[in-house]
């Protein structure tokens, strides 16, 4: 769903903050879905909201774009309250939900010409087609597109209105790695042209590779916010060595290895935190029995989420 281009009565937003949220709550009956959430998105950045399914990400986005009423708190988007100034924000903000319907028998070109007709001062459809990398598919019908091509077309329908802000809910869900990388290129180009993007995701890779800053959300609250590298340095600076518990060394013997700073049990795996990963890995592999399915990785946003919540996103993927 996209909206009309800014009219003369709606001058471009010039503040350094595009979105400001303070104390946002949302109840569904007695269930608290968003719990006193605070958030600020700077103009011209690509901002990610990272958290598991059920963390309140989609509810928050719906409130920000005026699709759902909040229970309490203050929200300002491009200088307006979405509850009171929906018409203005419809001209400034484009939204790409997780699922959206396109006309299957229209071509890519026909689809964007149709979307352009809905707006006062749209982008040229041909320019947007080129920008999202669909020139070779411009005359293909929507039902013939791959999943990645269709997702880029959905983003194109959002970009056609020249939005100041684009909001995307789980934009790369279900895409293969190549299609995901293509979509990221489109979003990065939009940001580089001066646009602001807010996206929700439960993908660590997407948050780390794409976003300038990330808010980590758990149980309806922001538990940390910052650039991905800053969050890792602040909360999870150590490497993690993990292995399968069954048939592996005794956990007490592992804890006694020099350089092991912390060990955790997550399901059927042992997580070993260390700043001396190579030495610890070598020591582990010399033990009898040797660790099974050993994996070594540097600290990342998955480690940040675990440190802050006591869980991993893998634990929450069905939640």
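The values are calculated or read from the model by the stated rules, or taken from the named source; none is laboratory data. Model, not experiment: these values are computed from the prediction. When we count neighbours, we look across all protein chains shown, and the Cβ atoms used for this are built from the backbone with ideal geometry, even at glycine.
Output the residues belonging to the stretch 66-81 that are touching a helix residue (DSSP H, G or I) at 6+ places or on another chain (Cβ under 7 Å) and closer than 18 Å to residue 220 by Cβ. Full working, then the answer.
Our first condition is that a residue be touching a helix residue (DSSP H, G or I) at 6+ places or on another chain (Cβ under 7 Å); within the stretch 66-81, this holds for 66, 68, 70, 75, 77-78, 80.
If the condition is that a residue be touching a helix residue (DSSP H, G or I) at 6+ places or on another chain (Cβ under 7 Å) and closer than 18 Å to residue 220 by Cβ, then 68, 70, 75 are the ones that fit.
Out of 37, 64, I need the residue that is at pLDDT 95 or above, assigned by TED's automatic domain parsing to the domain that holds residue 166 and closer than 21 Å to residue 187 by Cα. Which one?
On the way: 37 fails: closer than 21 Å to residue 187 by Cα.
Criteria check complete, one pass: 64.
Which ones in the stretch 213-228 are within 14 Å of residue 19 (Cβ to Cβ) and not in a strand (DSSP E or B)?
Answer for the stretch 213-228, where residues must be within 14 Å of residue 19 (Cβ to Cβ) and not in a strand (DSSP E or B): there is none.
Take the residues in the stretch 96-110 that are touching a strand residue (DSSP E or B) at 6+ places or on another chain (Cβ under 6 Å) and buried (at least 17 other Cβ atoms within 10 Å of the Cβ); name whichever of them is farthest from residue 155 (Cα to Cα).
If we take residues in the stretch 96-110 being touching a strand residue (DSSP E or B) at 6+ places or on another chain (Cβ under 6 Å) and buried (at least 17 other Cβ atoms within 10 Å of the Cβ), then 107 is farthest from residue 155 (Cα to Cα).
Can you tell me which residues in the stretch 267-301 are on the phi < 0 side of the Ramachandran plot, touching a residue at least 12 places away in the same chain (Cβ under 8 Å) and out of contact with any strand residue (DSSP E or B) (no Cβ under 8 Å at 6 or more places or on another chain)?
Narrowing the stretch 267-301 to residues on the phi < 0 side of the Ramachandran plot: 268-292, 294-301.
Retained after the next criterion (residues that are touching a residue at least 12 places away in the same chain (Cβ under 8 Å)): 268-277, 279-281, 283-284, 287-292, 294-301.
Those that are on the phi < 0 side of the Ramachandran plot, touching a residue at least 12 places away in the same chain (Cβ under 8 Å) and out of contact with any strand residue (DSSP E or B) (no Cβ under 8 Å at 6 or more places or on another chain): 276, 279, 283, 287, 288, 289, 290, 300.
Can you pull out the helices (runs of 4 or more DSSP H) entirely within the stretch 230-312 that have at least 3 residues that are surrounded by 14 or more Cβ atoms within 10 Å (Cβ to Cβ), at pLDDT below 85 and not assigned by TED's automatic domain parsing to the domain that holds residue 215? Steps first, answer last, please.
Values: elements: 251-255, 277-285, 301-309.
Of the helices (runs of 4 or more DSSP H) lying wholly inside the stretch 230-312, those with at least 3 residues that are surrounded by 14 or more Cβ atoms within 10 Å (Cβ to Cβ), at pLDDT below 85 and not assigned by TED's automatic domain parsing to the domain that holds residue 215 span 301-309.
Give 196, 173 a once-over and let me know the one that is touching a strand residue (DSSP E or B) at 6+ places or on another chain (Cβ under 7 Å), in contact (Cβ under 8 Å) with a residue 40 or more places away in the chain and in the same structural domain as residue 57 (by TED's automatic domain parsing).
Working: 173 fails: touching a strand residue (DSSP E or B) at 6+ places or on another chain (Cβ under 7 Å).
Of 196, 173, the one residue that is touching a strand residue (DSSP E or B) at 6+ places or on another chain (Cβ under 7 Å), in contact (Cβ under 8 Å) with a residue 40 or more places away in the chain and in the same structural domain as residue 57 (by TED's automatic domain parsing) is 196.
Can you confirm whether residue 85 is surrounded by fewer than 19 Cβ atoms within 10 Å (Cβ to Cβ), modelled with pLDDT of 95 or more and on the phi < 0 side of the Ramachandran plot?
Working: surrounded by fewer than 19 Cβ atoms within 10 Å (Cβ to Cβ): yes; modelled with pLDDT of 95 or more: no; on the phi < 0 side of the Ramachandran plot: yes.
Criteria not met by residue 85.
Please count how many residues of the stretch 44-67 are in contact with a strand residue (DSSP E or B) (Cβ under 7 Å, 6 or more places away or on another chain) and either surrounded by fewer than 21 Cβ atoms within 10 Å (Cβ to Cβ) or not in a strand (DSSP E or B) (or both).
13
Across the stretch 73-89, what is the total count of residues that are more than 22 Å from the chain's Cα centre (by Cα) and touching a residue at least 40 places away in the same chain (Cβ under 8 Å)?
Start the filter on the stretch 73-89 by keeping residues that are more than 22 Å from the chain's Cα centre (by Cα), which leaves 73-74, 79-81, 83-88.
Now narrow it down to the ones that are touching a residue at least 40 places away in the same chain (Cβ under 8 Å): 73-74, 79, 88.
So the count comes out to 4.
Checking the structure you have, find out if any residue of the stretch 49-61 is at pLDDT 95 or above and touching a helix residue (DSSP H, G or I) at 6+ places or on another chain (Cβ under 7 Å).
Scanning the stretch 49-61 turns up at least one residue that is at pLDDT 95 or above and touching a helix residue (DSSP H, G or I) at 6+ places or on another chain (Cβ under 7 Å).
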